[in-house]
Every structure is written in C-alpha cells, then in structure tokens.
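Below you'll find the structure, written out as structure tokens, and then a few comments.
The values are calculated or read from the model by the stated rules, or taken from the named source; none is laboratory data. Just so it is clear, the model here is predicted, and its values are computed rather than measured. Cβ coordinates were reconstructed from backbone atoms using ideal geometry, including for glycine residues, and neighbour counts include every protein chain displayed. The area values use the complete protein model at the heavy-atom level, side chains included, leaving out ligands, DNA and RNA. Shrake-Rupley method; radii C 1.70, N 1.55, O 1.52, S 1.80 Å.
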Amino acid sequence: PYSPSGQGGGRLMAPSAEHLMGTDELGRDTFSRIVFGARVSLQVGIISVFIALLIGAILGVAAGFFGGRLDSWLMRGVDIMFAFPGLVLAIVIAGLLGASRTNAMIAIGLVYAPAFARVIRGSVLSVMSEPYVEAGRVVGSTNPRLVQRYVLPNIVAPLIVMTSVYL
C-alpha cells in the first residue's frame, strides 16, 4: 500500500490498521518492503529452477533414452559438477558471466541442473523397461515420438516433486 522506500510514517511504529507490520527505523512501511523484496526473490527462484529443469531434462532424457557411451559421458559430467560445492560453483559461474540478476539466475540454474539430470535419467531408465515402450518400438515409432508419447508423460511425477522441492 505504500512505497517501499518512502519515509512517510513515524519511526518504529507498532503494527496497526494503517501499517500492517509497523514501520522501521526510517519510517518505511515494513509490509510494503517485504512484498517488494519477495517479488525479486520469487522471480530468481522460479526462473533458476526452470533453467535447471530444462537443462536437466535434456541431459537426463538423452542419457537415459540413448544409454551407452552418451549416458556414460553425460553422467561423468554430472558427477564432476556434483564434486564442486554448489555455492562456490555458482559464484564462479556468476563471476565468469558478470554481475547481474540474469547471470545469477543462470548460475543457480546450472548448479541445480545436475540433480535434475540424475533424477530424470533414473526415471527414464525405469520407463524404458516398460512393455509399452517396446510396443511403441515394434509399431515403428521414431525416437522423438517415443520420447514425446511414452517417456515424457511418465516422468512428470518426479519432475513435479523435484521442482516443488527446489522452489
């Protein structure tokens, strides 16, 4: 209801009907400041998780679906990413990209992506052993159609859980 930076009210006022959470030492409305700050936090969190989901889904589906050497190479790359502490890796990535909110979101997304890739790969491997995937192969479905029609719909549940945990 008030400007988050406006100093219109009295200093250190208790919560009231006018100021729901009171005011701070400079007379700024605390509720307005929390709402204003939450916008940025939610934006960074949501976009970072969706970047991680996108990258992790591409890597995890490719590794689980095609298997073999591709799976081995991709999962070794994921293991290397897991070997570094997440905060240090995010700082290095953000430092290489430059200081901005967008680059911070990309850095956080890249740090979370290996966890998504690992879970998605496991789900894809589980789905690939199901009879309906073999039936799809027998009727002549192409690989993109198999992924779109049989694999992706059946790995949605772990993706929803993981996305909600990381948000």
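A compact table of results
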| quantity | calculated |
| --- | --- |
| Test: residue in segment 149-163 that is free of Cβ contacts under 8 Å to residues at least 12 places away in the same chain and open to solvent by 80 Å² or more (accessible area, probe 1.4 Å) | yes |
| Cross-chain or 6+ apart pairs with Cβ under 9 Å, segment 85-105 first and under 16 Å from residue 115 (Cβ atoms), then open to solvent by less than 30 Å² (accessible area, probe 1.4 Å) and small (Gly, Ala, Ser) | 89/107; 90/107; 93/107 |
| Filtered residue count, segment 15-66, keeping only those that are open to solvent by less than 30 Å² (accessible area, probe 1.4 Å) and farther than 29 Å from residue 106 by Cβ | 7 |
| Enumerated helices (runs of 4 or more DSSP H) restricted to segment 22-130, each holding at least 2 residues that are within 30 Å of residue 144 (Cβ to Cβ) | 30-66, 68-83, 101-128 |
